[in-house]
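Here the structure is laid out as structure tokens; the discussion comes afterwards.
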Ligand SMILES: [Zn+2]
């Protein structure tokens with residue numbers, strides 16, 4: 001996965017190439033090339049961070065848990081990782097509280113790649129369509145990526161290496177709460193860093 005430093009180097013390289021483009025090429029064209037190249041780099045980074053098999057596994061896992069999280073209005077949580085035989089597995093979903101969940105520590109022979117949790121049933125009171133500041137701080141403290149499924153069926157990946165929470169896929173990507181009302185949800189970005197999440201927490205619902 002390209003690091004931030006690597007991306008910075010690429011950016012400097014692009015700027016250098018841009019400076020070699022004859023003056024007849026408009027500045028707008030130069031910026032367009034830069035944006036397209038940066039977009040390509042970011043797409044590659046996301047694809048590498050989460051392979052197709054893992055994404056399928058995580059979606060299937062959440063689709064099994066979402067009905068219980070809506071019915072009981074409780075968060076469910078656990079860990080995803082690789083067993084000794086190389087098989088991708090998840091620990092049994094632990095039922096938490098309405099707004100929190102502490103997973104049981106996985107077995108020692110379990111090669112953990114991420115935590116996972118759901119966000120309970122839809123509520124107009126909660127800004128539950130994206131990770132909370134607590135979610136990101138807990139994953140950073142644990143030095144472990146996290147996956148979150150929301151009442152609207154969005155899937156988020158907290159990438160603790162990049163320090164970014166990214167929406168992997170949007171509305172109805174996994175099962176959503178039948179009572180979910182999109183009208184009650186504020187617009188959101190496709191990614192947040194920790195300070196952006198903190199700023200969003202301070203906004204009135
Ligand atoms: Zn959460």
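Throughout, read-outs are computed from the coordinates displayed, never taken from laboratory work. From a predicted model like this one, the values you see are computed outputs, not experimental measurements. As a convention, Cβ positions derive from the backbone with ideal geometry for all residues, glycine included, and neighbour counts pool all protein chains shown.
Scaling against 2.2 N^0.38 Å puts the C-alpha radius of gyration of region 52-202 at 0.97.
The distance linking region 149-169 with region 71-143 is 12 Å (Cα centroid to Cα centroid, whole angstrom). Here the extension length gained between residue 87 and residue 32 equals 15.5 nm, from 0.36 nm per residue of separation less the Cα-Cα distance. With each label modelled as a point 7 angstrom along the Cα→C-beta vector, the residue 20-residue 72 pair spans 6.1 nm. A protection proxy built from the mean count of other Cβ atoms within 10 Å ranks the segments 162-169, 54-61, 148-155, most packed first, as 148-155, 162-169, 54-61. How much length is gained if the chain between residue 126 and residue 94 is pulled fully straight, taking 0.36 nm per residue apart and subtracting their Cα-Cα distance, in nm to one decimal? Residue separation times 0.36 nm, minus the Cα-Cα distance, leaves 9.4 nm.
Taking one quarter of the surface of the C-alpha convex hull of region 91-180 gives a mean projected area of 6.0 nm².
Report the calculated FRET efficiency for residue 64 and residue 188 (r = Cβ-Cβ distance, R0 = 25 Å), to the nearest 0.05. That pair, residue 64 with residue 188, gives E of 0.45. Calculated FRET efficiency, residue 9 to residue 105, Cβ-Cβ distance, R0 = 41 Å: about 0.60 to the nearest 0.05.
Of the peptides 77-83, 103-109, the order by per-residue mean of other Cβ atoms within 10 Å, starting with the highest, comes out as 77-83, 103-109.
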